[in-house]
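Student: Please find one structure pasted underneath; my questions will follow.
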Amino acid sequence: MDEADPRSRIALALDVPDLEAAKALIQQTHEHVGAFKVGLELYTAVGPAAVEAVHAAGAECFLDLKLHDIPATMGRSVARAASMGVAYLTVHGVAGHESLHQASVNAGSTRLLAVTVLTSLDAAALQAIGLAGGPREAAERLAKLAWRAGLRGFVTSAHECTTLRATLGEEAFLVTPGIRPAGADVGDQKRVMTPADAIAAGADLLVVGRPIRDAADPAQAAAEIARQVRLALSQ
Ligand code: C5P
C-alpha cells in the first residue's frame with residue numbers, strides 16, 4: 001500500500017472478546033484502515049481464527065502478542081506467528097539481546113516490532129518497576145538494544161518519536177499507540193498524542209483502539225481519523 005495512503009498509516013486494535021465482534025468492527029472500518037491489530041484479548045479467546053478474519057478482509061494483520069520469554073521459546077514462537085503470514089508481530093524489548101536476536105532471525109517476512117515502554121507507563125511507574133530514567137531515556141535504551149539485535153521496528157509513544165528517529169535514522173519503523181483525537185477520552189493511556197501530531201512527529205503507523213471501537217459510529221470515527229492523517233501527510 002502507498003505510504004501516502006492514510007490506510008497504510010492506521011492499525012485498528014481489535015480489542016474485543018470474540019470473533020463476531022471482531023468481524024463486525026473489521027467490516028465497519030476496513031475502508032479506512034489498512035491493518036488490524038489482534039491483541040492479547042482476542043487471540044486468547046479465538047487464536048489464529050482472528051488472524052484469518054483479518055486476512056479474509058484483505059487487510060494486514062498486526063499480531064500484538066508482546067512476546068517476552070527465553071531465547072529458544074522466543075525464536076520458536078516467532079516462527080509460528082510468521083508462518084501465519086502476519087505483517088507485524090510485537091516482542092518486548094526488555095526480553096534482552098539474545099531473545100530479541102532469536103526473534104529477529106526467525107521472523108521471515110514478518111516485520112518485528114520491539115515494544116519499548118508501554119504508553120500506559122509514566123515516569124513514576126517506570127521508577128517503581130526499576131527502569132532507570134524517564135520514558136524517553138528508557139525507550140531510547142530499549143530501542144538501541146533491539147536495534148543491535150537486528151530489529152528495525154519499534155513501538156513507542158509518539159512523544160519519543162523524534163528522539164528515536166534522531167537516534168536510529170530513517171530505517172527505523174516507528175509504531176505509536178496512545179493516539180487520541182483532540183478531546184477524546186484518554187482512558188488508561190498516559191503518553192497520548194493526536195493523529196496529526198503523531199504523523200508530524202514522524203510516526204510510520206498509528207495504533208488506534210478505543211477512539212474507534214467505542215465510538216457511536218466506528219466507521220465515521222475511522223473515516224475522521226483517516227481524514228486527519230491524510231491532511232497531516234499532505235503538510
Ligand atoms: O484503545 P487504545 O487506542 O488505547 O488502544 C491501544 C492499543 O495499543 C491496545 O490494544 C494496547 O494493547 C496497545 N499498545 C499500547 N501500548 C504499547 C503497545 C501496545 O497501548 N506500548
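Student: I'd like to know if the stretch 204-216 contains one or more residues that are surrounded by fewer than 19 Cβ atoms within 10 Å (Cβ to Cβ) and at positive phi.
Tutor: Looking for residues that are surrounded by fewer than 19 Cβ atoms within 10 Å (Cβ to Cβ) and at positive phi, one finds none in the stretch 204-216, hence no.
Student: Continuing with the same structure: Where residues in the stretch 166-180 are part of a loop (DSSP other than H, G, I, E, B) and closer than 22 Å to Leu121 by Cβ, which of them is nearest to the ligand (Cβ to nearest atom)?
Tutor: Pro177
Student: So for the stretch 148-156 (the condition being open to solvent by 20 Å² or more (accessible area, probe 1.4 Å) and assigned to a loop (DSSP other than H, G, I, E, B)), does at least one residue qualify?
Tutor: Scanning the stretch 148-156 turns up at least one residue that is open to solvent by 20 Å² or more (accessible area, probe 1.4 Å) and assigned to a loop (DSSP other than H, G, I, E, B).
Student: I'd like to know if the stretch 192-200 contains one or more residues that are crowded, with 19+ Cβ neighbours inside 10 Å and on the phi > 0 side of the Ramachandran plot.
Tutor: no
Student: Could you please let me know if Val91 is within 13 Å of the chain's Cα centre (by Cα) and part of a loop (DSSP other than H, G, I, E, B)?
Tutor: no
Student: Failed condition for Arg227, given (1) of a type in the set (Lys, Arg); (2) part of a loop (DSSP other than H, G, I, E, B); (3) within 23 Å of Cys61 (Cα to Cα), with all others met?
Tutor: (2)
Student: Can you find even one residue in the stretch 62-70 that is away from the ligand (no atom under 16 Å from the Cβ), buried (at least 16 other Cβ atoms within 10 Å of the Cβ) and assigned to a helix (DSSP H, G or I)?
Tutor: No, the stretch 62-70 has no match at all.
Student: Between a residue in the stretch 108-128 that is closer than 21 Å to Arg210 by Cβ and more than 8 Å from the ligand (Cβ to nearest atom) and any residue that is open to solvent by 10 Å² or more (accessible area, probe 1.4 Å) and of a type outside the set (A, V, I, L, M), which pairs come within a Cβ distance under 6 Å, given they are 6 or more apart or on different chains?
Tutor: Leu113/Tyr88; Asp122/Lys190
Student: Still on this model: Could you go through the stretch 183-196 and let me know if any residue there is in a strand (DSSP E or B) and either in contact with a strand residue (DSSP E or B) (Cβ under 8 Å, 6 or more places away or on another chain) or not small (Gly, Ala, Ser) (or both).
Tutor: yes
The values are calculated or read from the model by the stated rules, or taken from the named source; none is laboratory data. These numbers come from a predicted model, not from an experiment. Cβ: placed from backbone, ideal geometry, glycine included. Neighbour counts: every protein chain shown. Note: areas computed on protein heavy atoms with side chains; ligands, DNA, RNA excluded. Shrake-Rupley method; radii C 1.70, N 1.55, O 1.52, S 1.80 Å.
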